[in-house]
Structure formats: structure tokens, C-alpha cells
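Shown next, in C-alpha cells, is the structure this report addresses.
The values are calculated or read from the model by the stated rules, or taken from the named source; none is laboratory data. Computed from a predicted model, the values in this text were never measured in an experiment. Note that we place each Cβ from the backbone using ideal geometry, even for glycine, and neighbour counts take in every protein chain shown. Side chains are part of the model used for accessible areas, which takes the heavy atoms of the whole protein and leaves out ligands, DNA and RNA. Shrake-Rupley method; radii C 1.70, N 1.55, O 1.52, S 1.80 Å.
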Amino acid sequence: MRLPGLTELEQAAQVVYAHMLPSPQLEWPLLSEHCGCEVWVKHENHNPTGAFKVRGGLVYLQDLKQRDPSLQGVVAATRGNHGQSIAFAAGRLGLRTVVVVPEGNNPEKNAAMRALGAELIIHGRDFDAAIPRAREVATARGYTMVPSFHPALVRGVGTYALEFLRQCPDLARVYVPIGLGSGICGVVSARDALGLDTEIVGVVSSLADCYQRSFEQGACISTDSADTLADGLAVRVPNPDALEVIRAGVARIIAVDDDAVLQAMRQLFQDCHNVAEGAGAAALAALCAERRLNRGARVGIVLSGGNADRETFLKALSG
């Protein structure tokens, strides 16, 4: 897959900034003290939908609407943040939105998608099982299916990395959570477009480690389940285009377990007074797993989203 260059990322940023402000990157002294290094946090949890995905939705749907002015509606399969991003962007373009979520999905994310005007359909045991149903709905209604990985989505979400790396160009490494892969591909795009040598480290759940296995074996390896509380990481089937970019531009992929994710959620609230969902806290969990490597360094973590459900957040805080 061809990565977007600097001009394309800057053009995407103008689309994004028509609807939201750049998100902050902050160094929190207590968090840095805890980690034994200077930690810069990219706060994508401060975005309008509480996650980085909104950037991709805005860019993708604007491109789609320009190509097809007669477009009436879109359909997406999601665990929540992608669906919120599409509903948010579709509402600004006068489009209808249907999102298909798996059974047992985060109830707060479901409510947020409905509040943004999306029609919700519940189907399947996990994200990968919801995808075929979403395609069926799109065909039946004459709507367009919005994928969870696409070059336009990468171009959109890559704008957060452009902000981050321009403000913090001397980071030794950045830890980035991996769901289906648009976020980390956006970071690779921005790093390369700016000509930096920042090391990029991918983070997956140990219970949803298809990208780690695929990275190590050089081919797409699916898993039988993705039963992690970090729903933004709960992917069983890797995208081949994303894997190509990741293998070419990422140093390594670290797997973190649910206990480490819960501890990181608690640490982010304690030291930064910020709410992180499981995927949003995974980068900190990985940084802590490499504490010795990072001692005294200047590193970055992507807090990709703050849409934690109440039950999981209470579990995190209770320790």
C-alpha cells in the first residue's frame, strides 16, 4: 500500500480541522516519574467522539461524497469508535448511518453511536463476525459499506501523528495500539513524511495477537478468538495491506495482557486524571513492559481513545 506523503496529510488535516481542533500532546510529571522516563501522551481521547477514529471518518466520507454526490447512506461494522467516527462524519454530510456491532458490545459506545444518529444492528460473536452482516445490510439498502481499513482512513488518522511528531520530533520511540491497523499505519506515514527516525512499536492484546503473529511469521495469521476487555484491539483477522506497512515501518509488536491494560488505565487516571479505554491504555502498558529500555529516554504513547465502559473502568480503578 502506498503511504500518504506530507502534502496529502496536510490536506487531510484541513478537512479534519473544519470540524475539530488538533488534540494536545502533554508530558505529565507524575506519569514520567512512574515510568522512569520522559513520557509524552498524545491525547486522542480529547477528540469529539473520544477517539482518534473520527479523523479517518471525516476524510473518508468527504472523499466518498465527492466521488458519489447521490450517496444516501453508509454501513460500518464496528466495536464502537469506528462507528462513532462514521456517524459523526455522516451527520455533517446529511447521510444516514447503520452500524453493526457484535453481541455484548460496550453499552456506552452503543449509546454514543445512537446519539450521533446511527441505526444500530447487533449481530455475531465479535467484530470479525459482524463484518459479513454489515455487507448484507449495505447491499439490501443500497448503501455504501465503509471498511475499517482504507488508504483514506489512514490519511485521516495520520493527521494526529503529524501533530504529535511535529511537536515532539525527538522522541526515541512511540508506542501505538493496533486494532485493524489504520492508526499505526498513519504514524508510519507521518514519521516517514517528516523524515524522522523515531522508532515505532506496535501494541496488541495477548488475547488478540493476530498482528504480532503475522508480523513475526511474515504472513497474515488469524486467531480463533479475540476475547479481550480492550475492545479496540479485539481483531482476529489482520488486514494484508496494513500488515505490509507494519512489517516495513514498525520495529516490533508487543502483546500486553488484560491485567496490564487495567493497571495502565488506573495509572493514567491517577497521574493524568484522564480516562482511557483498554486500547487507549495499551501503549502505556507496553512502555512499562519495556521500562528498562526506556529509562531516561524521551518517549511517546498514543492514548487512542477514552470511551471506557463504566464496568471496566470501575474494575480498573479498584485494582
For this session: Quote the relative contact order of the chain in percent (integer), defining contacts as alpha-carbon pairs under 8 Å separated by 6+ residues.
Result: 22
For this session: Give me D for region 28-106 in µm² s⁻¹, whole number, from Stokes-Einstein with Rh from the Kirkwood sum over alpha-carbon pairs, 20 °C and 1.002 mPa s.
Result: 149
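What is the magnitude of the charge dipole of region 26-159 about its Cα centre, with +1 placed on the Cβ of each Lys and Arg, -1 on the Cβ of each Asp and Glu, and no other charges, expressed in debye to the nearest 20? Intermediate values should be presented prior to the final figure.
Working: 15 positive and 12 negative charges, 119 e Å.
Computed about the Cα centre, the dipole is about 580 debye.
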Exercise. Helix 151-167 versus the longest principal axis of the chain: what is the Cα-based angle in degrees, 0 to 90, to the nearest 10?
Worked result: 30
Seminar exercise, completed: In the chain, taking the dipole from +1 charges on Lys and Arg beta carbons and -1 charges on Asp and Glu beta carbons about the Cα centre, the listed residue (GLY218, ALA89, SER206) farthest towards the positive end is ALA89
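Using a Förster radius of 45 Å, what is the FRET efficiency between ARG67 and GLU27 based on their Cβ-Cβ separation? Nearest 0.05, please.
Working: r = 41 Å, r/R0 = 0.92.
E between ARG67 and GLU27, to the nearest 0.05, is 0.60.
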Problem set entry | Size of charge dipole - region 139-231 - debye, nearest 20, with Cβ of Lys, Arg +1 and Asp, Glu -1, no other charges | 360
Exercise. Once the Cα gyration tensor of the chain is diagonalised, what are the square roots of 5 times its eigenvalues, in whole Å and ordered largest first, as equivalent ellipsoid semi-axes?
Worked result: 28, 22, 19
Exercise. In whole percent, how big is the carbon plus sulfur part of the accessible area of region 5-135, probe 1.4 Å, protein atoms only?
Worked result: 52
Problem set entry | Assigned charges on the beta-carbon of Lys, Arg, Asp, Glu; the chain dipole about Cα centre (debye) | 600
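222 nm [θ] for the chain, helices only, -39500 (n - 2.57) per DSSP H run of 4+, per residue, to 500?
Numbers: 14 runs with 158 residues, N = 319.
Taking each H run of at least 4 residues, the total per residue is -15000 deg cm²/dmol.
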Exercise. Helix 53-67 sits at what angle to the longest principal axis of the chain, using alpha carbons and giving 0 to 90 degrees rounded to 10?
Worked result: 30
Seminar exercise, completed: For the chain, the longest principal axis of the Cα atoms and the Cα long axis of helix 127-141 enclose an angle in degrees, to the nearest 10, of 30
Exercise. Once amide H atoms are placed 1.01 Å from N in the peptide plane, what residues at a sequence separation of 5 or more from ILE221, or on another chain, have their amide H within under 5 Å of its amide H?
Worked result: SER214
Seminar exercise, completed: For region 112-264, dividing by residue count, accessible area per residue (probe 1.4 Å) in Å² works out to 38
Exercise. Amide H of VAL74: which non-local residues (sequence gap of 5 or more, or other chain) have their own amide H closer than 5 Å, using H built in the peptide plane?
Worked result: ARG96, THR97, VAL98, THR144
Exercise. Tally Lys/Arg at +1 and Asp/Glu at -1 over every other residue whose Cβ is under 9 Å from the Cβ of ALA230; what's the total?
Worked result: -3
Exercise. What number of lysine-lysine pairs in the chain show an alpha-carbon separation below 21 angstrom, given a sequence spacing of 8 or more or placement on distinct chains?
Worked result: 4
